[in-house]
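For reference, the structure is listed below as structure tokens.
The values are calculated or read from the model by the stated rules, or taken from the named source; none is laboratory data. Keep in mind that what you see is a predicted model, and the values were worked out from it rather than measured. With ideal geometry, Cβ positions are generated from the backbone for all residues, glycine too; neighbour counts draw on all protein chains shown.
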Amino acid sequence: MLKVQRVVLSSRPGKNGQPVPENFRVEETSLPTELKQGEVLVRTLYLSVDPYMRCRMNDETGADYLLPWRLGDCIDGGGVGVVEASKNEQQLGVGDTVTSFNLRWQTHDVINGKSVQKVDPRMVDGHLSYILGAVGMPGLTALFGVREKGHVIPGTGQTMVISGAAGACGSLAGQIGRLDGCERVVGICGSDEKCQTLVSELGFTSAVNYKKGDILKALKDSCPNGVDIYFDNVGGPISDTVISQMNSGGHVILCGQISQYNLDVPYPPPLSDKTQQTLREKNITRERFMVLNYMEKHNEGLELLGQWVMTGQIKVLETVVTGIENMGVAFCSMMTGGNTGKQIVKISD
């Protein structure tokens with residue numbers, strides 16, 4: 001038996017409640033190490049916390065493709081680990097790096113080898129946490145969002161605005177919009193420091209601090225020719241403001257609505273009558289976007305993202321905390337904008 005630590009859902013915040021670290025509890029448990037055929041023992045290296053997890057804290061997720069976490073059960077999500085023992089030698093050997101969208105929040109776990117995917121550390125130049133960010137699901141979300149729903153046309157002088165621009169997905173979406181040919185890329189985030197990072201490190205044209213001053217005026221100053229493409233990560237009043245400045249025939253990439261995730265509203269949340277009227281009158285597309293709808297393109301997309309990261313065409317931002325005992329703290333911080341780039345929890349070396 002191997003003693004391990006794990007994180008369970010201790011309590012629910014309620015559909016209209018804000019999550020707190022006390023909703024999560026760290027426990028010590030024992031893990032049988034005698035493997036069955038096909039199983040592997042994985043030591044967890046990094047775990048991910050992501051906005052979509054908020055709905056899994058409720059009794060019902062409101063999404064048919066996501067199951068709620070059960071009270072008292074170990075939580076799961078995106079993770080990266082290393083194989084320490086294997087009875088799955090044909091596919092996975094000791095020392096192999098593996099990833100999964102459903103890795104349990106444990107320091108070690110015994111799992112069926114079919115439920116993890118082997119990855120080559122060279123793909124991320126040894127930065128294994130990138131597998132959970134720029135060269136993982138957030139990167140694919142940004143890439144397919146821009147390319148499938150953004151309709152970027154190089155050389156036409158388009159302006160793209162990204163809300164939640166200093167987050168895991170937004171920080172990548174802006175860079176991809178620039179690489180794909182947008183003339184202006186404008187980020188919206190929650191601090192002057194984040195704004196400076198977007199412009200000086202990631203190549204955004206400009207950035208707007210929504211917590212400071214008149215956001216409408218700042219947006220007009222940053223987008224003198226209006227907004228053609230809006231990568232929406234937040235919803236709410238910020239999105240209403242951006243949509244009010246969009247040009248006819250524009251496109252809203254409906255990626256996330258983090259400002260609404262603590263509210264008991266359907267997804268996507270309903271828009272104000274005024275915003276709906278703007279969409280209709282200006283013939284602006286706004287379709288729900290899910291990266292899971294593009295599974296056949298994932299491998300090609302990850303290869304491209306890896307190349308961009310390796311060549312420095314995309315810069316990666318991360319906020320890393322250490323220790324499985326900090327999973328709840330990291331999740332709650334991410335939900336309130338405490339992170340810059342991808343929020344990662346390092347579990348072991």
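For the stretch 104-156, residues that are more than 21 Å from the chain's Cα centre (by Cα), within 26 Å of Thr311 (Cβ to Cβ) and small (Gly, Ala, Ser) total 1. Among the conditions (1) loosely packed, with under 15 Cβ neighbours inside 10 Å; (2) in contact with a helix residue (DSSP H, G or I) (Cβ under 8 Å, 6 or more places away or on another chain); (3) on the phi > 0 side of the Ramachandran plot, the only one that Val20 does not satisfy is (3).
The condition of being under 18 Å from Tyr52 (Cα atoms), at pLDDT 95 or above and among the aliphatic types (A, V, I, L, M) holds for Ala134.
Based on this model, can you work out whether Leu292 counts as crowded, with 17+ Cβ neighbours inside 10 Å and part of a helix (DSSP H, G or I)?
no
For the stretch 300-328, a residue qualifies if it is among the hydrophobic types (A, V, I, L, M, F, W, C), part of a helix (DSSP H, G or I) and in contact with a strand residue (DSSP E or B) (Cβ under 7 Å, 6 or more places away or on another chain), and the qualifying residues are Ile324, Met327. Considering the conditions (1) at pLDDT below 95; (2) more than 15 Å from the chain's Cα centre (by Cα), Phe101 is excluded by exactly one of them, (2). Identification of strands (runs of 3 or more DSSP E) wholly contained in the stretch 78-191 with 1 or more residues that are in the same structural domain as Gly249 (by TED's automatic domain parsing) yields 159-163, 184-189.
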